[in-house]
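FYI, it's all coordinate maths here, none of it is from the lab. All values reported here derive from a predicted model rather than from experimental measurement. Quick reminder, even Gly has a Cβ in these numbers, built from the backbone with ideal geometry, and neighbours come from all protein chains shown.
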Amino acid sequence: MDHIQGMQVFLKVAQAGSLSAAAAQLDLSKSSVSKHVSALERRLGVLLLNRSTRRLSLTELGMAYRDHCARILADIEETEQAIQAHTTRAKGRLKVNAPMSFGILHLAPLLPGFMAANPEVEIDLVLNDRRVDLIDEGFDLAIRIGRLDDSNLIARKLAAVGFVCAASDAYLARHRPPEVPEDLTRHNCLRYTYNRLPGEWRFSRDGEVLNVRISGNFQANNGEALREAALAGLGIIYQPVFIVAGELRAGRLRPLLEAWSTPTIDIHAVFPEQRQMQPKLRHFVDHLAEALRRPELWPDLHCPVAA
């Protein structure tokens, strides 16, 4: 008899606790189940089950063999799923979370191309700047920008993007532009609520790192709201380039302190381990990685793409 099938039948017997229950679950006759187990015992040369008229139990070797069977059969199933994932069409509902600004400016424009190439995939896009719990809230994937927290999620780097310090001509006409980062202490700085270093902006040059304490009369939990405030001349903004790229290109915002470097943050796709082999997820992440590596997406703005 087939060795794999014998292992499957034995494992089912061990889990169900009886030949009759295993036979019902496997849609086999009780005698067929018994033959599979007996053939397995003959081949191994050991007794796996203690049989009596009233009960059935595993021998010590049977318990050890049960655990090995469970691992081996799980590995076989995972391997088959991995192979099938490379040949199966992407289909089904994909629930995706992303930060508000990045989602509107850069993720949403990529979706029509993906959906045209994968017409059987339904996208459910949820945008917010809150750190969602993927498993509890039923998300297949999230876009995370910045340092990742320790977790059991699988992460794939998509791109990296730098920060920029900038202001409008209207603001700079009323205030002398900062020449060194310390000058920011005398300016109205527009603050991001979820900054990992609240009230501080980081700069570096020639190995010197400065964390400058800043203050201002406006803060928001959304980068686009801060961008609009900067465009209106309210103050100085310090945000990832992807939020202000269009305004910098058009000259509506002027970069400041260009002799100083700002941090680079990574953009990751994160997803639960048990979903990584889903074709819809794999195709979607591949699509994002390819699209976000295009040099024209971040021209002349010091935004390195992922290696």
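How many angstrom lie between the C-alpha centres of segment 218-293 and segment 97-176?
A separation of 7 Å, based on Cα centres.
Roughly what percent of Cα-Cα pairs across segment 59-118 reach past 13 Å?
In whole percent, the long-distance tail amounts to 76.
Using only the Cα atoms of segment 161-264, build the gyration tensor, take square roots of its eigenvalues as a ≥ b ≥ c, and label the shape rounded, prolate or oblate: rounded if a/c is under 1.5, else prolate if a/b is larger than b/c, else oblate.
Note, shape of segment 161-264 comes out rounded.
Over all directions, how big on average is the projection of the convex hull of the alpha-carbon atoms in segment 57-196, in square nanometres?
Spelled out: convex hull of the Cα atoms, projected over all directions, averaged, 15.3 nm².
Can you list the lysines whose alpha carbon sits under 30 Å from that of Lys30, skipping same-chain ones fewer than 8 residues off?
Lys12
Work the Kirkwood hydrodynamic radius out for segment 1-131: mean of 1/r over every pair of different alpha-carbon atoms, inverted, in Å.
Every distinct Cα pair counted, the radius reaches 18.7 Å.
Tell me which lysines have Cα within less than 30 Å of Lys280's Cα, excluding those fewer than 8 residues away on the same chain?
Answer for Lys280, where 30 Å is the Cα cut-off: Lys91, Lys95, Lys157, listed by chain and number.
If contacts are Cα pairs under 8 angstrom and at least 6 residues apart, what is the relative contact order of segment 3-85 in percent?
27
For each of Leu28, Leu47, count neighbouring Cβ atoms within 10 Å of the residue's Cβ, then give the residues from fewest to most.
Placing the least packed residue first, the sequence is Leu47, Leu28.
For the chain, take the longest principal axis of its alpha carbons; what is the angle in degrees between that and the long axis of helix 279-292, to the nearest 10 within 0 to 90?
20
Check which residues have an amide H placed less than 5 Å from Glu122's amide H, if you skip close sequence neighbours.
For Glu122, whose amide H was placed from the backbone, the distant partners under 5 Å are Gly92, Arg93, Leu94.
As a test of the formula, what do you get for the chain when each DSSP H run with n ≥ 4 contributes -39,500 (n - 2.57) and the sum is divided by the residue count, at 222 nm and rounded to the nearest 500 deg cm²/dmol?
-11000 deg cm²/dmol
Based on C-alpha coordinates, I'd like the Rg and Dmax of the chain, in Å.
Here Rg and the maximum Cα pair distance are 29.0, 96 Å.
Does segment 210-251 classify as rounded, prolate or oblate by the C-alpha gyration tensor (a ≥ b ≥ c root eigenvalues; a/c under 1.5 gives rounded; else a/b over b/c gives prolate, otherwise oblate)?
Cα axes put segment 210-251 in the prolate bin.
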